[in-house]
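Visitor: Below is a structure I'd like to ask you about.
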Amino acid sequence: MRFAKLHGLGNDFVLLDLRGTAGVRPPSPERALALCDRHLGIGADGILTLLDENRLIIHNADGSVPEMCGNGARCAALWIATDRCTRPSETPVEVVLRTDAGPRPCVVQAEASGSGFVEVEMGVAEVAAPRALPGGFTAIPVSTGNPHRVIFTDGPRERLTELARTAGPGLCRAEDANVEFVARDGEARYLVAVWERGAGLTQACGTGACAVAAAALQRGEVEPRREIAVELPGGSLAIRRDERTGQIRMRGPAQLVYRGEIPD
């Protein structure tokens, strides 16, 4: 089985391109779990399976299937727009991914065949009223195609990471949601650490970055027209909300790491 390894801000994925292959199916949860094993498999935060008509199936590292993955969407869009990372795109290329959260239009700019920047239309975020969580935390529930609990607190980054590592797992299980610990670090800049449902502590979470931006806008901390910088351990994502449609747009890098082949 041929595969490619890609990442978006260190959030890494095994991509299986099954387009044009008759009778194929995405890997089973057990197979996805084995492929993501960093000691006995390829090692990844998740599996991206591309089927005909740019259907994108996502598996988390534990084999579960999330509705959407922002960093994974950028990697898949880069792969498609550059003809499997074999040629650069001299002009922006539009790709529409068909995900379990609905169609996700992407615009890819790739001056090199194996890397580029991708903007993904992530849909309209649904923001609910803040509510208390176990452990004395208050979270803003946000849906960006999958569920998030955004917790605003104080930095520095090391404290956010420690909170995600220690409190994140229990809150994730209790809420069946991704959990973001967030500190404001400027007028439109936020530091974030995430415990992801099905993957744990990761370098970046695209849907989580969008959830943080939506929650910050709901709190009135950022002018609606402003682009928001969400700083994750792996790097920065630029998030903006279309004032007319309410669509959240996420822009960030995607990169090919290597290609390989393993036994079926």
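Visitor: Would you kindly derive the ³J(HN,Hα) couplings of region 63-69 from the backbone phi angles with the Karplus curve 6.51 cos²θ - 1.76 cosθ + 1.60 (θ = phi - 60°), listing them in order in whole Hz, with x for Gly and Pro?
Guide: x, 6, 10, x, 6, 7, 8
Visitor: In region 189-260, which trypsin sites (Lys or Arg not before Pro) are in a loop and have at most 10 other Cβ atoms within 10 Å, using DSSP for the loop call?
Guide: Working: sites: ARG189, ARG197, ARG219, ARG225, ARG226, ARG240, ARG241, ARG244, ARG249, ARG251, ARG259; in loops: ARG197, ARG219, ARG225, ARG226, ARG244.
Here the sparse-neighbourhood loop sites are ARG225, ARG244.
Visitor: Give the ranking of PHE181, PHE117, PHE137 by solvent-accessible surface, highest area first, calculated with a 1.4 Å probe.
Guide: Ranked from most to least accessible, the order is PHE117, PHE137, PHE181.
Visitor: On a 1.4 Å probe surface of the protein chains, which of ARG19, ARG104 comes out largest in accessible area, and what is the full order?
Guide: Values: ARG19 55, ARG104 20 Å².
These residues rank, largest area first, as ARG19, ARG104.
Visitor: Take every Cα pair under 8 Å in region 1-76 that's 6+ residues apart, average their separations, divide by the length, and report that relative contact order as a whole percent. Could the numbers behind the result be given before it?
Guide: Numbers: 145 pairs, mean separation 24.1, N = 76.
Dividing the mean separation by the residue count of region 1-76 yields 32 percent.
Visitor: Here's something else I'd like to know. Once you keep just the Cα pairs under 8 angstrom separated by 6 or more residues, what percentage relative contact order results for the chain?
Guide: Values: 688 pairs, mean separation 53.6, N = 264.
This gives 20 percent for the chain.
Visitor: A follow-up question, please. For region 249-255, just list the computed ³J(HN,Hα) in residue order, Karplus coefficients 6.51, -1.76 and 1.60, θ = phi - 60°, integers in Hz, with x standing in for Gly and Pro.
Guide: Per residue, the Karplus-derived 3J(HN,Hα) values read 10, 10, 10, x, x, 9, 8 Hz.
Visitor: Could I ask something else about it? Within 11 Å, Cβ to Cβ, of ALA193, how many net charges do the neighbouring residues add up to if Lys/Arg are +1 and Asp/Glu are -1? Don't skip to the end; give the middle numbers.
Guide: Working: positive: ARG157, ARG159, ARG165; negative: GLU158, GLU162, GLU180, GLU196, GLU231.
It works out to a net charge of -2.
Visitor: If you place +1 on the Cβ of every Lys and Arg and -1 on the Cβ of every Asp and Glu, how big does the dipole about the Cα centre of the chain come out, in debye to the nearest 20? Walk me through the numbers before you get to the answer.
Guide: Numbers: 30 positive and 34 negative charges, 8 e Å.
Taking the Cα centre of the chain as origin, the dipole is about 40 debye.
Visitor: What order, most packed first, do the peptides 210-216, 4-10 have when packing is the mean number of other Cβ atoms within 10 Å of each residue? Display every interim value, and only then the final one.
Guide: Numbers: 210-216: 28.7, 4-10: 22.4.
Going by the mean number of other Cβ atoms within 10 Å, highest first, we get 210-216, 4-10.
Visitor: Sort 123-135, 78-90 by packing, meaning the average of other beta carbons within 10 Å per residue, with the highest value first.
Guide: Values: 123-135: 14.8, 78-90: 18.5.
Most protected by this proxy first, the peptides run 78-90, 123-135.
Visitor: Can you sort ARG31, ARG98, ARG165 by 1.4 Å-probe accessible area, starting with the largest?
Guide: Working: ARG31 75, ARG98 100, ARG165 125 Å².
Order by accessible area, largest first: ARG165, ARG98, ARG31.
Visitor: I'd like the antiparallel share, as a percent to the nearest 5, of DSSP beta bridges with both residues in the chain.
Guide: Values: 64 of 78 bridges.
Once the DSSP bridges in the chain are tallied, antiparallel ones form about 80 percent.
Visitor: Now for a separate question. How much accessible surface does GLU231 have with a 1.4 Å probe, in Å² rounded to 10?
Guide: 40 Å²
Visitor: Just the accessible area per residue of region 82-131, please: how many Å² with a 1.4 Å probe? The partial results should precede the final answer.
Guide: Numbers: 2740 Å² over 50 residues.
Per residue, region 82-131 has an accessible area of 55 Å².
Visitor: Please give the contour-minus-distance gain from SER28 to VAL96: 0.36 nm per residue of separation, less the Cα-Cα distance, rounded to one decimal in nm. Before the final figure, lay out each step's value.
Guide: Working: separation 68, 0.36 × 68 = 24.48 nm, distance 2.47 nm.
Extra length from SER28 to VAL96 when fully extended: 22.0 nm.
The values are calculated or read from the model by the stated rules, or taken from the named source; none is laboratory data. This is a predicted model, so every value here is computed, not measured. Reconstructed Cβ throughout: ideal geometry from the backbone, glycine too, with neighbour counts over all protein chains shown. Calculation scope for accessible area: heavy atoms of the full protein, side chains included, ligands and nucleic acids excluded. Shrake-Rupley method; radii C 1.70, N 1.55, O 1.52, S 1.80 Å.
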